[in-house]
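S.K.: Just passing along the structure, written as structure tokens.
The values are calculated or read from the model by the stated rules, or taken from the named source; none is laboratory data. These numbers were taken from a predicted model, which means no experiment stands behind them. Positions of Cβ are generated from backbone atoms using ideal geometry, with glycine treated the same way; all protein chains shown enter the neighbour counts.
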Amino acid sequence: MRFALTAFTTLGLASIALSACSTSEAAQEPLVSPILTSEEAKDTSTYAQPEVARVTHVALDLALDFEAKDVFGTATLDVTAEDDADTVVLDSDGLRISAITDADGNALDYTVGEHDEKLGEPITVQMGDARQIKVTYRAAPEAAALQWLDPEQTAGGEHPFLFSQGQAILNRTWMPTQDSPGIRQTWEARITAPKPLTVVMSGLSGGDPVEVDGDRRAFSFKMDKPVPPYLIALAAGDIAFRELGPRTGVWAEPVMLDRAAAELVDTEAMVEAAEKLYGEYRWGRYDMIVLPPSFPYGGMENPVMTFLTPTFIAGDRSLTGLVAHELAHSWSGNLVTNSNWRDSWLNEGVTSYFEGRITEEIYGKARAEQEEALSFATVEDVLAEVGADDPGTALHQPDEVESAGSEIVYDKGAAFLRTVEQIAGREKFDAWLRQWFDNHAFQPATSQMILEDMQANLVAGDEELGRRLKLREWIFEPGLPDNVKRPNPQAFAAVDKAAADYAASRTPDAAAWQGWNSAERLRFLSKLPEEMTAPQLAALDSAFGLSDSGNNEILFAWLRTALANRYEPAVPVAEEFLSTVGRMKFVAPLFGTLMDEGDWGQPIAKRIYAKTYPSYHAVTRGAVDRAMKQGA
Ligand code: BES
Ligand code: ZN
């Protein structure tokens, strides 16, 4: 089953075909995907009214100005609308617009609505009969999607760097767009940057750059598959490319390239494993860029160009689950996309499940079971903390954007699919998931749709199976249904025993630690007693070399425990970490932990943050600001 016919509108298909063909060659993929109009599919984080008029193609022509920290140029938008529609509404946030014209350069009237802290401001364009509009604009230097790095913030230290982060609703700060995950569009871009910087984007490259004005080069890109706007991304810096496989490769600053490529050697095999599981990789190339350490996320699934934090490089490929995760989004998220952010479990939960399956294929069942156990423990921790009846613990989230922590959306989401897999059987489950991707490719989806799809194509009339799965409860109710598949208790049996022994003896076993892999070490650290004395922490650090760990997940776990116990020698280590790494998942909890430590921790947190905040991306700053308020 696809959708109920009443649930979407395709808006004047004839006019779409015409306008789309004028700017892009005939594509095999559908040029226009449906807009869902049901109440549950509605996106309240956009001003766009896609059922009236919607953008189907974006052509960006932008210049990057590293001195002014400014992006400026034009965005030309193809719009499809009913014949009598004469306005189109776009999202923007802080854009300085100098003109909006039709395709022939005739000025169009427009109004910029009131600014909202969260959503920015709507631009309502009186397009009349025009179905192509050209916006000439400048982004603000403080555009939240963009981070402009000074040379000192890069590994090479000689050239500035720029990257964008669109998800969830930040791209409106650097392009006028209908910034909603349910509105898909093809796009193309021409971006100029000063020499010797190279520009990459989340689209296929149009070939070698072209010289302009002597000291600048123009790079071109194209995405001929319809994507939601949050997946348009750009990075520019002194970067070089290394091939990893026939369709995989990595970009990084030259001094990072060897380490990055070594950590990523499994990538081509991961793409093959993913294809074998759930069908053809449909995007052409799978390249990655390893960004400077201020990148606020672990990874971001920008099509054909995953963006990665350098903090996943541990030297032993122990944190490459991140790559499996971003790759899996090429199906869950980028092919089939949550229609609004309340259903982000459709992106992140399905991806976390898929990540586990790739991990199993590449690294074996033991590692996959350990990662499953770590993930499941975080769900249990959250439920213990907020209560299993908290509405925020339902997969289908009650609020947009500011919703549950990642444990629910990612880890409960993955636990749901593992449960369904176990009850229905792997073969049947895999066939169902593959057809879900195929039948909803390049389209938005909702919780209700996946529920109906599972009922139609997985349960398929087997009433007993339907009862055992408890699908509705899993998707719409808080807490964990009692049919949940629990992780293999053997996954960490030895480590858990060692952790219990340690809690009793407080004597670290350095030999045991040496024999453990990264997941086992993280498990051990998660089981440390809450109250530890300074001599105990000192002994632990010296036995395991925690403060010198090259594995950032381990370093982070150690610092949290140490700071929560007011362990003074950890402060300079934390300060160094917080001064170089901007990954939100590490930075915000460390500040939060310090703030929880009253007279001891709060002055430290404030002192460090005063120094480090200019180096953080807006996303990380926002999270740290919240952490600083919470504890104070
Ligand atoms: N799409 C997310 C990152 C994201 C989520 C950006 C929500 C903005 C809003 C990405 O795929 C992700 O999940 N990254 C994780 C990776 C981890 C789960 C392996 C991260 O950054 O830590
Ligand atoms: Zn993800």
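S.K.: State whether one or more residues within segment 365-374 are more than 13 Å from ligand 1 (Cβ to nearest atom), free of Cβ contacts under 8 Å to residues at least 40 places away in the same chain, aliphatic (A, V, I, L, M) and out of contact with any His (no Cβ under 8 Å at 6 or more places or on another chain). Steps first, please.
M.R.: Within segment 365-374, the subset more than 13 Å from ligand 1 (Cβ to nearest atom) is 365-370, 372-373.
Filter once more, keeping what is free of Cβ contacts under 8 Å to residues at least 40 places away in the same chain: 365, 368.
Subset that is aliphatic (A, V, I, L, M): 368.
If we keep only those that are out of contact with any His (no Cβ under 8 Å at 6 or more places or on another chain) as well, we get 368.
Checked segment 365-374: at least one residue is more than 13 Å from ligand 1 (Cβ to nearest atom), free of Cβ contacts under 8 Å to residues at least 40 places away in the same chain, aliphatic (A, V, I, L, M) and out of contact with any His (no Cβ under 8 Å at 6 or more places or on another chain).
S.K.: Looking only at segment 78-96, filter to residues that are under 29 Å from the mean Cα position of the chain (by Cα) and aliphatic (A, V, I, L, M); which one of those is surrounded by the fewest Cβ atoms within 10 Å (Cβ to Cβ)?
M.R.: Looking at the filtered set, the residue picked out is 89.
S.K.: Right, here's the next one. Can you tell me which residues in segment 326-367 are closer than 19 Å to residue 180 by Cα, more than 10 Å from ligand 2 (Cβ to nearest atom) and not small (Gly, Ala, Ser)?
M.R.: 331, 334, 335, 336, 337, 338, 340, 341, 342, 343, 345, 346
S.K.: So which residues in segment 441-479 are free of Cβ contacts under 8 Å to residues at least 24 places away in the same chain and not in a loop (DSSP other than H, G, I, E, B), if there are any at all?
M.R.: The answer is 455, 459, 463, 464, 466, 467, 472, 473.
S.K.: Hey, among 315, 249, 245, 299, which residue is modelled with pLDDT of 95 or more and within 16 Å of ligand 1 (Cβ to nearest atom)?
M.R.: 299
S.K.: Something else now. May I ask you to list pairs of residues, at least six apart or on different chains, whose Cβ atoms are under 8 Å apart, with the first in segment 155-177 being over 15 Å from residue 235 (Cβ atoms) and the second being acidic (Asp, Glu) and assigned to a loop (DSSP other than H, G, I, E, B)?
M.R.: Note: pairs meeting the criteria are 158/238; 169/179; 172/93; 172/179; 173/93.
S.K.: If a residue must be within 11 Å of ligand 1 (Cβ to nearest atom) and touching an Asp or Glu at 6+ places or on another chain (Cβ under 6 Å), how many such residues does segment 335-355 contain?
M.R.: Selection size over segment 335-355: 1.
S.K.: Among the residues of segment 592-632, which ones are touching a helix residue (DSSP H, G or I) at 6+ places or on another chain (Cβ under 8 Å), within 18 Å of residue 309 (Cβ to Cβ) and either free of Cβ contacts under 8 Å to residues at least 40 places away in the same chain or hydrophobic (A, V, I, L, M, F, W, C) (or both)?
M.R.: Once the filter is applied, which keeps residues that are touching a helix residue (DSSP H, G or I) at 6+ places or on another chain (Cβ under 8 Å), within 18 Å of residue 309 (Cβ to Cβ) and either free of Cβ contacts under 8 Å to residues at least 40 places away in the same chain or hydrophobic (A, V, I, L, M, F, W, C) (or both), segment 592-632 yields 612, 619, 621, 623, 624.
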